[in-house]
Amino acid sequence: MSEPLVIIGQGMAATKLVEELSMRALGRYSIIVIGREPYRAYNRVLLSSLLAGEVAAGELELKPSHWWGRQGVTNVFGRCVTAIDPRTKRVTLENGVDFSYGKLVLATGSHPILLPIPGMDLPGVMSFRVMADVEAMSSGAQKGRPAVVIGGGLLGIEAAYGLAHAGAKVTLIHLMDRLMERQLDPPAAKLLKEQIEAKGVEVLLSAQTARIAGTEKAEAVVLADGREIPADLVVCAIGVRPNADLARAAGLDVNRGILVNDGLETSDPSVFALGECVEHRGVAYGLVEPAYEQARILARRLAGDASAAYSGSVLATNLKVSGVSVFSAGDFLGEDKDAIIFKDDGRGIYKKLVVEGDHLTGAVLYGDTSDGLWYLDLMRSKAEVSGMRHDLIFGPPPKA
Ligand SMILES: Cc1cc2nc3c(=O)[nH]c(=O)nc-3n(C[C@H](O)[C@H](O)[C@H](O)COP(=O)(O)OP(=O)(O)OC[C@H]3O[C@@H](n4cnc5c(N)ncnc54)[C@H](O)[C@@H]3O)c2cc1C
């Protein structure tokens, strides 16, 4: 008989895991996937494009209902798991229904971080994580009305662009002195700021939010220096933290995220975890590619391959703002390392490669990102680049 495998969270990591399992161990497990959101798993990455009106909601669904059926998966969505009992190996839903498991996988994603300031609970203040946030932003963004996005990282910039595209008058507030400081060095961040401003978004750097003003609803964002930025709509996009709530309550080892070893196993050998909810070797990732790499490894493990091991991911970032090409990967700052730099001000192109010894360890590309995946490949495979260092900045050698 198939062993019951319960997956909590019906997001991108869970869907990839089921896909990988169906290729490796179809029939070995009887799988139940439980998700809190009232939809089948969808492509969260595309929420930005949905907000910007570049894709329709229907295009986000990761797998159609018949695909889940074909894999023999019981798909429960719109239901929150409220407790795990590792002793009896049962999970309980909010409506009291419970399921027993032989193995359990946690794929509960992240919580958006909210600022601990007055006014965050006013109507009109929201985060940017789930489909419902996009619905609220789209209905709240009115032509010519003021909106403020707090946070100048990838998510904040994409939110600001989407709202500006919808016609709102957008101000983007960032605490640091440059946008996307965790992915871009100062020259690339400067180019990005110019292009975002050219799209109609006002960018305020080194700006600390003190409170949201308003009585019935948000009316303005007040900065620590006293400036008041009018806002009907405030989007807080300052980062995420792993959602380890269930794991913590069940007594599993948790630090920032749910602690897992290279086999994606938690401190309970019947419970595994993957995606944004985990912390592996001290790192909690906030991007989808590490979640997918973990899904491939975990599927192999669950299919019986005890040698499958996850050793961490080299991160790469792309920004989804139409007409703005940004790529960043690895140790892009490369302090005390060799840097190879190419700059074409006229065309708005900037490229920086970081080389350590014989290896490429980081890259920032702005304006022309066509070689990004090739550089990423060189980093991930730890290829020797000393022989091609002279031409490395110009991309892959022409095919003979
Ligand atoms: C707007 C936006 C744009 C993004 N763009 C990019 C990008 O360009 N590139 C990139 O790499 N990454 C991007 N990301 C991040 C990417 O979406 C995540 O890395 C990815 O979704 C992580 O997958 P996950 O399965 O771990 O988490 P999620 O996809 O968040 O799935 C977790 C699911 O678990 C559910 N859940 C949680 N607790 C429970 C519970 N108790 N019971 C039942 N269900 C529960 C949640 O409701 C959620 O649906 C973006 C994210 C957002 C919000």
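The values are calculated or read from the model by the stated rules, or taken from the named source; none is laboratory data. These figures come from a predicted structure and were not determined experimentally. Here the Cβ is made from the backbone with ideal geometry for all residues, glycine too, and neighbour counts use every protein chain on show. Only protein heavy atoms, including side chains, enter the accessible area calculation; ligands, DNA and RNA are left aside. Shrake-Rupley method; radii C 1.70, N 1.55, O 1.52, S 1.80 Å.
Identify the residue in region 266-296 that is touching an Asp or Glu at 6+ places or on another chain (Cβ under 8 Å) and among the hydrophobic types (A, V, I, L, M, F, W, C) and, among all such residues, is farthest from K103 (Cα to Cα).
A284
Going through region 84-110 one residue at a time, which ones are among the small types (G, A, S) and either open to solvent by 40 Å² or more (accessible area, probe 1.4 Å) or modelled with pLDDT under 95 (or both)?
Matches in region 84-110: G96, S100.
Looking at A273, A284, which one is open to solvent by less than 40 Å² (accessible area, probe 1.4 Å) and touching a Lys or Arg at 6+ places or on another chain (Cβ under 6 Å)?
Going through A273, A284 in turn, just one is open to solvent by less than 40 Å² (accessible area, probe 1.4 Å) and touching a Lys or Arg at 6+ places or on another chain (Cβ under 6 Å): A284.
Looking for something among the small types (G, A, S), open to solvent by less than 30 Å² (accessible area, probe 1.4 Å) and modelled with pLDDT under 95 - is there at least one such residue anywhere in region 289-310?
Checking region 289-310: not a single residue is among the small types (G, A, S), open to solvent by less than 30 Å² (accessible area, probe 1.4 Å) and modelled with pLDDT under 95.
Is there any pair with a first residue in region 389-400 that is more than 10 Å from I340 (Cα to Cα) and of a type outside the set (A, V, I, L, M, F, W, C) and a second that is in a loop (DSSP other than H, G, I, E, B) and at pLDDT 90 or above whose Cβ atoms are under 6 Å apart and which are 6 or more apart or on different chains, and what are they?
From residues that are more than 10 Å from I340 (Cα to Cα) and of a type outside the set (A, V, I, L, M, F, W, C), the pairs are G395/D371.
Under 7 Å between Cβ atoms, at least 6 apart or on separate chains: pull out the pairs that start in region 235-249 with a residue that is free of Cβ contacts under 8 Å to residues at least 12 places away in the same chain and end on any residue that is more than 8 Å from the ligand (Cβ to nearest atom) and open to solvent by 10 Å² or more (accessible area, probe 1.4 Å).
Within 7 Å, the pairs are R248/V254.
Within region 66-88, is there a residue that is at positive phi and more than 11 Å from the ligand (Cβ to nearest atom)?
Within region 66-88, one or more residues are at positive phi and more than 11 Å from the ligand (Cβ to nearest atom).
Would you pick out the residues in region 12-29 that are touching a Ser or Thr at 6+ places or on another chain (Cβ under 8 Å) and crowded, with 16+ Cβ neighbours inside 10 Å? Break it down stepwise before answering.
Here is the first cut: in region 12-29, the ones touching a Ser or Thr at 6+ places or on another chain (Cβ under 8 Å) are 27-29.
Once the filter is applied, which keeps residues that are touching a Ser or Thr at 6+ places or on another chain (Cβ under 8 Å) and crowded, with 16+ Cβ neighbours inside 10 Å, region 12-29 yields only Y29.
From A308, A299, which residue is in contact (Cβ under 8 Å) with a residue 60 or more places away in the chain and within 18 Å of Y29 (Cβ to Cβ)?
After applying the criteria, what remains is A299.
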